[in-house]
Amino acid sequence: MANNCPPIFPEITTQEQQIEYISTIVQCEQDKSDVALIEYFAKGMTNYLLSRIQD
């Protein structure tokens, strides 16, 4: 990442991660709320930052 900034979107490298991402978007549409997607992005960014600390 340029300037060591964390990514906005979590890395999606497996089909399971892709399904989780799509399911989260569908849930947001059903709930008419973006809370689930915000939580998904926050968890992804947190995991990224934790991995950087552990390296």
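Kindly list, by first and then second residue, each pair from a residue in region 33-55 that is closer than 13 Å to I8 by Cβ and aliphatic (A, V, I, L, M) to a residue that is surrounded by 12 or more Cβ atoms within 10 Å (Cβ to Cβ) and modelled with pLDDT of 85 or more, limited to pairs with Cβ atoms under 6 Å and residues at least 6 apart or on different chains.
Partner pairs satisfying both residue conditions: L37/T24; L37/C28.
Taking region 26-55 as the region of interest, how many residues are assigned to a helix (DSSP H, G or I) and open to solvent by 60 Å² or more (accessible area, probe 1.4 Å)?
17
For a quick check of your reading of the model, give me the residue pairs whose first member lies in region 7-22 and is surrounded by 11 or more Cβ atoms within 10 Å (Cβ to Cβ), whose second is outside any helix (DSSP H, G or I) and of a type in the set (V, I, T), with beta-carbon atoms closer than 8 Å and at least 6 apart or on different chains.
Between residues of region 7-22 that are surrounded by 11 or more Cβ atoms within 10 Å (Cβ to Cβ) and residues that are outside any helix (DSSP H, G or I) and of a type in the set (V, I, T), the close pairs are Q18/I12; Y21/I12.
Among the residues of region 9-55, which ones are touching an Asp or Glu at 6+ places or on another chain (Cβ under 9 Å), among the β-branched types (V, I, T) and modelled with pLDDT under 90?
Within region 9-55, just I12 meets the criteria.
The values are calculated or read from the model by the stated rules, or taken from the named source; none is laboratory data. All of these numbers come straight from a predicted model, not from anything done at the bench. Cβ coordinates were reconstructed from backbone atoms using ideal geometry, including for glycine residues, and neighbour counts include every protein chain displayed. When the accessible area is computed, the model is the full protein with side chains, heavy atoms only, and any ligands, DNA or RNA have been set aside. Shrake-Rupley method; radii C 1.70, N 1.55, O 1.52, S 1.80 Å.
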